[in-house]
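Notes follow the structure.
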Amino acid sequence: MKQLWLAIKDLPPEGKEIIINDQSVWQGPIDEFALPYTIKEELAACIFLIPQEQGCIAHGSITGAVALPCNRCTQNALVRINQNFDEVFILDEDLSSDDTEPNVRIANESTGIEIEIAGVLWEEFVIALPVKPLCKEDCKGLCAECGKDLNTGKCECEDSTLDPRFAVLRNLKVNK
């Protein structure tokens, strides 16, 4: 995964807006994990960084569009991304001790504190994706028997909507 380090010392005290539209921030992990995502409209992040004594606060948003496989029929579903996020980067010396994992998003270099923002952008992108993307609200999906896309028409399979375990109940007559 691509890393994108930003130096806090370069930020003015009132903060600074940074635009990140390098597609490799998102395309790299898509390729690395062999995800079936296609970027349809360039993804861009707008981040406003406010420096703090031992780190910074980031207010940001990610916009763009990607195509994902529909959860029902596997055709492409266009998903518009418009994700707002807030992140706090604080250098905590206790995190660098031997008994805990080091804070990989912030580094205290000899030149000053730096933050790694690409990981946050990827996480926020993934959070913005729907759990079950649909190509359209009324997608009918695929036939469970033959696999035909039911959005294009009815299949020729037998109607097996009734559970075969209840077949004996078909002949049951109820008197009112």
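Say we look at the range 86-102 and pick out the residues that are of a type outside the set (A, V, I, L, M, F, W, C) and under 30 Å from residue 66 (Cβ atoms); which of these is modelled with the lowest pLDDT? So the residue we want is 87. All of 19, 30, 39 fail the test of being among the hydrophobic types (A, V, I, L, M, F, W, C), under 30 Å from residue 149 (Cα atoms) and out of contact with any helix residue (DSSP H, G or I) (no Cβ under 9 Å at 6 or more places or on another chain), apart from 30.
Residues in the range 121-156 that are of a type in the set (A, V, I, L, M, F, W, C) and free of Cβ contacts under 8 Å to residues at least 12 places away in the same chain: 126, 131, 144, 146.
Residue 31 falls short on exactly one of the conditions (1) charged (D, E, K, R); (2) surrounded by fewer than 14 Cβ atoms within 10 Å (Cβ to Cβ); (3) in contact with an Asp or Glu (Cβ under 9 Å, 6 or more places away or on another chain), and that condition is (3). For the range 149-159, filtered to residues that are exposed (fewer than 15 other Cβ atoms within 10 Å of the Cβ) and charged (D, E, K, R), the residue that is nearest to the chain's Cα centre (by Cα) is 154. Name the single residue, out of those in the range 45-85 being modelled with pLDDT of 95 or more, within 13 Å of residue 117 (Cα to Cα) and not polar (S, T, N, Q), that is surrounded by the fewest Cβ atoms within 10 Å (Cβ to Cβ). Out of the qualifying residues, it is 48.
Listed by first and then second residue, the pairs linking a residue in the range 28-48 that is closer than 15 Å to residue 83 by Cα to a residue that is part of a loop (DSSP other than H, G, I, E, B), with Cβ atoms under 6 Å apart and 6 or more places separating them unless they lie on different chains, are 44/21; 48/15.
Using the structure shown, decide if residue 117 is within 30 Å of residue 7 (Cβ to Cβ) and at pLDDT 95 or above. When the stated conditions are applied, residue 117 does not pass them. Scanning the range 1-23 for residues that are closer than 9 Å to residue 51 by Cα and either touching a Lys or Arg at 6+ places or on another chain (Cβ under 7 Å) or assigned to a loop (DSSP other than H, G, I, E, B) (or both) yields a total of 5.
The values are calculated or read from the model by the stated rules, or taken from the named source; none is laboratory data. What you see is a predicted model; the values in this text were computed from it and never measured. Note that we place each Cβ from the backbone using ideal geometry, even for glycine, and neighbour counts take in every protein chain shown.
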